[in-house]
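The values are calculated or read from the model by the stated rules, or taken from the named source; none is laboratory data. Not measured: the values here are computed from a predicted model. Cβ: placed from backbone, ideal geometry, glycine included. Neighbour counts: every protein chain shown. Heavy atoms of the whole protein, side chains included, go into the accessibility calculation; ligands, DNA and RNA do not. Shrake-Rupley method; radii C 1.70, N 1.55, O 1.52, S 1.80 Å.
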Amino acid sequence: RGRDGLGAYITNPESYPSDIVISHNADFVAIHDMFPKSSLHLLLLPRDQTKTHLHPFEAFEDTEFLAKVRFEAQKLRSFAAAELRRKYGKYSLQEQERQIALSLDPPPDELPVGRDWAKELMCGIHAVPSMNHLHVHVIAVDRYSDRLKHRKHYNSFATPFFVPLDDFPLAQGDPRREPTRQNYLKEEFTCWRCGKKFGNRFVELKSHLEQEFLEWRKL
Ligand code: 5GP
Ligand code: ZN
């Protein structure tokens, strides 16, 4: 366990129940984060033995590998979007399909398909990972979770410390290549949704995050 705790999922994905390991194939394992920092927080673990021990910056320099990870992350993002729709959506997929089946007028493609929940997810890595095995976060933007307990938990997803998968490959001079120098984790708290600043006031931030969560989810 400890920093190597993600290794067991890679070597033995079939030994976990589906509420922990979501899916696995020869190259990837998708899991639920055990200490979720949002209402939905998943991890994608590449199984490639030549990559799993590399820092993401190094691993993603291999553009072929990066493309594979992107493709798989996109699939997990779709899964996560469906999960958010199921949890918070006005129309479940079933309800959408039922409405489409029932209606001849207006035609199906004019029916409201509902909110694009995929847009409510972030997909990326931490500039300084704490866990040793290469992993990509697929996390809902809300950052509403009782597991979000201190500054690092929030700022690691709310500052450039979080590097979206889409930003790779990073330019040579990208400041995120020197994350400790940038002190991202020490930045003052800024609400992900409205941009309000909270200085070092974590308790206030937490209650604001709850307000924002309630608005966000029903929007
Ligand atoms: P990092 O900061 O390294 O990018 O994120 C590592 C993530 O792994 C964290 O979000 C943490 O909650 C999660 N994590 C740590 N240990 C375990 C574990 O044993 N199982 C699972 N499923 N997630 C873990
Ligand atoms: Zn706000």
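List of remarks:
- Residues in the range 165-174 that are open to solvent by 70 Å² or more (accessible area, probe 1.4 Å) and assigned to a helix (DSSP H, G or I): D166 alone.
- Unmet criterion (only one of (1) more than 13 Å from ligand 1 (Cβ to nearest atom); (2) among the acidic types (D, E); (3) within 14 Å of the chain's Cα centre (by Cα)) for E64: (3)
- The residue list R193, R217, R201, R181 contains one member that is closer than 26 Å to L84 by Cα and free of Cβ contacts under 8 Å to residues at least 60 places away in the same chain, which is R193.
- K37 vs. criteria within 15 Å of ligand 1 (Cβ to nearest atom), within 18 Å of V141 (Cβ to Cβ), under 17 Å from the mean Cα position of the chain (by Cα) and among the basic types (K, R): yes
- Residue count for the range 23-56 under the criterion of being part of a strand (DSSP E or B), out of contact with any Phe, Trp or Tyr (no Cβ under 7 Å at 6 or more places or on another chain) and of a type outside the set (F, W, Y): the result is 7.
- Failed condition for E210, given (1) of a type outside the set (S, T, N, Q); (2) crowded, with 16+ Cβ neighbours inside 10 Å; (3) part of a helix (DSSP H, G or I): (2)
- For the range 58-86, filtering for residues that are open to solvent by less than 90 Å² (accessible area, probe 1.4 Å), of a type in the set (D, E, K, R), more than 15 Å from L43 (Cβ to Cβ) and touching a residue at least 24 places away in the same chain (Cβ under 8 Å) leaves 2.
- Subset of the range 186-201 (residues that are under 15 Å from L148 (Cβ atoms) and of a type in the set (D, E, K, R)): R193, R201
- Cβ-Cβ distances below 7 Å connect the following pairs, each with a first residue in the range 7-18 that is among the aromatic types (F, W, Y), a second residue that is assigned to a helix (DSSP H, G or I) and more than 16 Å from ligand 2 (Cβ to nearest atom), and a separation of six or more residues or different chains: Y16/Y9.
- Only residues that are within 9 Å of ligand 1 (Cβ to nearest atom) and within 21 Å of S78 (Cα to Cα) were counted across the range 43-57, and they come to 1.
- Residue in the range 122-143 that is assigned to a helix (DSSP H, G or I) and either touching a residue at least 40 places away in the same chain (Cβ under 8 Å) or under 16 Å from the mean Cα position of the chain (by Cα) (or both) present: no
- Count of the range 9-34 residues, restricted to those that are within 8 Å of ligand 1 (Cβ to nearest atom) and of a type outside the set (S, T, Y), is 5.
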